[in-house]
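The values are calculated or read from the model by the stated rules, or taken from the named source; none is laboratory data. Just so you know, these numbers come straight off a predicted model, no measurement behind them. For neighbour counting, all protein chains shown are included, and Cβ atoms are generated from backbone atoms with ideal geometry for every residue, glycine included. Heads up: the accessible areas ignore ligands, DNA and RNA and are worked out on the full protein's heavy atoms, side chains in. Shrake-Rupley method; radii C 1.70, N 1.55, O 1.52, S 1.80 Å.
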Amino acid sequence: MNDNDFEKLLREWMADRTQPLPDELEKLEATAQRMQPPSRWLPTLRLTGAVVAAAAVAGMAIWVGNSLREQAGAHTPSPSSSSSAAPSIEPSTVPSDEVQFPPTADVAPAWSADAQWIAFERQENGASSIFLVRPDGTDLHRLSDGGRPTWSPDGEWIAFEFQPPGEKVAIFRIRTDGSELQRLTDGAADEGNPAWSPDGTTIAYQSERSCCVERPPAGTHGIWLMDADGANQRRLTNGDGGADVDP
Amino acid sequence: MEVALELTPVSLVQAARDGDADAFARLVAPELAPALGAAVLVIGSRADAADAVQEALVSAWRGLGGLREPDAFPAWFRRHVVRAAMRLAKRQRAWQPLEDADAAMSQLGGLESALAHRQLDRAFGTLTPADRLLLTLHFHWNQPVAETAATLGIPTGTVKSRVHHAVRRLRAAYDAEERA
């Protein structure tokens, strides 16, 4: 059998192997139709006004978001409000019982390299999530659980830290379109605060892994490096009796 | 008067983001058969393949806010399917070979074809999940090289050589099945 015939056989076998059984697709369709909105589904808020533009340029977009949400709790937007001192808010059409106001805190903003997005950590009810928002306040959406987001230089990934239930804090990365969530560190020790190298190939991070036998076994932070996909993890500093943090 | 939902990717994605499960179901409907098929090829178990697609549906539903271009929904959803399928494939459960030779024979017209399919089925099951995925993207989904590269996070220039080597490994396994 020549190569072309083998590839033809392969395609035929694949078509045969993948024929769905009678009820398989119906079950999956039913699953899709029964999806429920997440409990903390957020509306898209459209922020207007000169204050927002100035705050966004100054890197204070997160501050603006908090203050405006606090106002939104008691403010009914109207077409005539555009000339008032406070920026107006136009919530998208989402059932009111889905709206969660106000958040506990929005912290750790991080600009994408192309300045098209700001990632930040939203802390609410004891949990942290990573959100993305445009500098003008539009297109606010949740990306993932976790905190301390940091952008890859090419804007394709966000690295962040997250503590799975019952485990140590670990470093993850996720594509900015929400796909390909990957765990980068294995949870042997608390590890976090990722920082990308300018060429996007390496991530520096802080780790509580014990550096060597003669050091105290826990609590000493060191700076470690790993490849952007989590491979080749190696220690850069050992804290030298103190703590090396915030790479 | 109820306004009908406009059936464009932009409107369906926006409606799904707003919590409209029917809109989400419309978005995914044309993707379910290819998704399930790919998961079957990567994982080798129909039950696990269905689980993988279910997982992809949930992760896509939750991650809709991260979809920048509504027109890119099919490719974006397929990445969720790939991720879920690979996660389950790495559980290293045994490959479940094609059992129904009668169905194969009736569709393919003969014992020889059915035997070739069963041998190829067993050979495919000896491949790594990564090889199975690569061959699935290339030969079953017929993805362009650039899209396969994007899905796998590998350089475009290496896709064809990787496919070539994966086919060679499959062929060697198939030839071994023939000799057995």
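Any residues in the range B:115-132 that have 40 Å² or more less accessible area with all protein chains than in their chain alone, probe 1.4 Å, and which are they? At a threshold of 40 Å² (probe 1.4 Å), the residues of the range B:115-132 that become less exposed are B:His117, B:Leu120. The slack in the chain from B:Ala33 to B:Ala47, taken as 0.36 nm per residue of separation less the alpha-carbon distance, amounts to 3.6 nm. Given springs between every Cα pair under 10 Å in a Gaussian network model of chain B, which of B:Leu133, B:Leu111, B:Leu36 has the largest fluctuation? With Cα springs under 10 Å in chain B, the top fluctuation among B:Leu133, B:Leu111, B:Leu36 is at B:Leu111. Suppose R0 equals 56 Å; then what is the FRET efficiency for A:Lys27 and A:Thr237 from their Cβ-Cβ distance, rounded to the nearest 0.05? My answer for the efficiency is 0.60. Between B and A, roughly 4400 Å² of accessible area is buried in total, ligands, DNA and RNA not counted and the probe set to 1.4 Å.
Which parts of the range A:144-180, residue by residue, lose 50 Å² or more of accessible area when the rest of the protein chains are there, as against the chain isolated (1.4 Å probe)? Residues losing area: A:Asp177, A:Glu180. Comparing the full protein assembly with the isolated chain (1.4 Å probe, heavy atoms, ligands and nucleic acids excluded), the residues of the range B:48-88 losing at least 40 square angstrom of accessible area are B:Gln54, B:Leu57, B:Trp61, B:Gly65, B:Gly66, B:Arg68, B:Arg79, B:Arg83.
Placing unit charges on the Cβ atoms only, positive for Lys and Arg and negative for Asp and Glu, gives chain B a dipole magnitude near 940 debye about its Cα centre. Close amide H contacts of A:Ala113 (hydrogens built in the peptide plane, cut-off under 5 Å, sequence separation of 5 or more or a different chain): A:Gly155.
A 1.4 Å probe run over chain B, with the rest of the protein chains in place, finds 47 Å² accessible per residue. With the whole protein complex present, B:Val145 retains an accessible surface near 40 Å², based on a 1.4 Å probe.
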